[in-house]
Amino acid sequence: MTDGQSPHTSTIERTPPAVAVVDAETPGNVGTIARAMKNFGFEDLLLVDPPELDPDGDAYGFAGHAREDVLPNATEISFDRLVESYHTIGCTAVTNEDDRRHVRFPYSTPADLAERLPRVEGPTAIVFGRERVGLTNEELARIDELCSIPANPEYPVLNLGQAATVTLYELRSIALDDTQLPDVERVRAPEPTVDRLYDQWADLLAEINHPEEKREKTMRMLRRVYGRADLTEREANTLLGLLRRATERPADR
């Protein structure tokens, strides 16, 4: 962990934001947050008054692959330096505050931040507080804006690791150009293949003596179903083969 005497100059723009953890009570939560950062593309971890992070202890044990870069490269920083050097967004639970009774108001959601933060010039930091009490009112008063996760009003409080994971997930578009999701741009089967599938259905309806007056309506229904399914070429060809066999060898002829 490095010593953050002067983490950034005012001319540097930071995208994605840094992640700051204030006075974490347990090393395990620091490791959990580091892991969430690694999951969603964040690299810059700032620690205010952190616990000791033993390489053989819970912080590194909970960090997953973040033990290789995010966690050992974390910067220890004072709260004064944090609020002086960054545009800060404090994460806290909503406690029925409004514009008549508040320390900082209004609240943004993580989804709101994902749209707005890329337009903020200069370094930014998402700030998480303590496990039990979060950020104090004195700290909130010095932070630029607040973020809160929409949750059940009967129990809106998430633990520190949960709050960080949900928030960073919502902000992933700031940090990641690509994700591991497969088949993001689904490749639809060529229209001639889909047309052959409909022709094969028409042949099957005729082969099984489906009432002729119902065939047009049945074909419209099949077109709606397959249209919603957005079949790939492999799926269409598989169905085409099954229908062809059913047409050529109907059961109990």
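Throughout, read-outs are computed from the coordinates displayed, never taken from laboratory work. Computed from a predicted structure; not experimentally measured. Here the Cβ is made from the backbone with ideal geometry for all residues, glycine too, and neighbour counts use every protein chain on show.
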Could you calculate the contour length gain from R244 to S173, that is, 0.36 nm times the residue separation minus the distance between their Cα atoms, to one decimal place in nm?
-> 21.0 nm
Pulled fully out, how much extra length does the chain show between L222 and V187, if you take 0.36 nm times their separation in residues and subtract their Cα-Cα distance?
-> 10.6 nm
Exposure proxy check on Y169, Y86, Y60: fewest-to-most Cβ neighbours within 10 Å is Y169, Y60, Y86
Karplus ³J(HN,Hα) for region 204-219 (6.51 cos²θ - 1.76 cosθ + 1.60, θ = phi - 60°; Hz, whole; x = Gly/Pro) runs 5, 4, 5, 5, 8, 6, 4, x, 4, 5, 9, 5, 4, 5, 5, 5
Just rank I143, I174, fewest to most, by other beta-carbon atoms within 10 angstrom.
-> I174, I143
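Tell me, V127, V194 in order of fewest to most beta-carbon neighbours within 10 Å?
Final ranking by Cβ density, sparse to dense: V194, V127.
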